[in-house]
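The values are calculated or read from the model by the stated rules, or taken from the named source; none is laboratory data. Predicted, not measured: the structure shown is a model, and the values here were computed from it. Methodologically, a virtual Cβ is constructed for each residue, glycine included, from the backbone with ideal geometry; neighbour enumeration extends over all protein chains shown.
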Amino acid sequence: MFQQGRAQWDYWRYYFSRRVLRIFPLFFLALVVFRLANAAGLKVVIHSWGQLWEHLALQRGDHIFWSIPV
């Protein structure tokens, strides 16, 4: 099994799926909360819905959300 590379592929697929399921739901929730807080009048990081999607696509990493894309 190790010689065919199957075990390594299964390991990495499992690893990345756990990573994504552990990090992205809370990351998405934090981005939405910050966007709604900005809409409510607070001066916070996410100023538009477009910025929210840029953060989720890991194209943007500024202010307190810098560590996820890095």
**OP:** Keeping to segment 54-70, report how many residues are in contact with a helix residue (DSSP H, G or I) (Cβ under 9 Å, 6 or more places away or on another chain) and at pLDDT 85 or above.
**Re:** 4
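Criterion first (within 13 Å of the chain's Cα centre (by Cα) and touching a residue at least 40 places away in the same chain (Cβ under 8 Å)) does residue 16 satisfy it?
On the way: within 13 Å of the chain's Cα centre (by Cα): yes; touching a residue at least 40 places away in the same chain (Cβ under 8 Å): no.
Spelling it out, it is not the case that residue 16 is within 13 Å of the chain's Cα centre (by Cα) and touching a residue at least 40 places away in the same chain (Cβ under 8 Å).
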**OP:** Taking the options 36, 21, name whichever one is surrounded by 10 or more Cβ atoms within 10 Å (Cβ to Cβ), outside any loop (DSSP other than H, G, I, E, B), modelled with pLDDT of 90 or more and not β-branched (Val, Ile, Thr).
**Re:** 36
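Among 55, 47, which is the only one that is in contact with a Phe, Trp or Tyr (Cβ under 9 Å, 6 or more places away or on another chain) and surrounded by 10 or more Cβ atoms within 10 Å (Cβ to Cβ)? Walk me through how you get there before you give the answer.
On the way: 47 fails: in contact with a Phe, Trp or Tyr (Cβ under 9 Å, 6 or more places away or on another chain).
Criteria check complete, one pass: 55.
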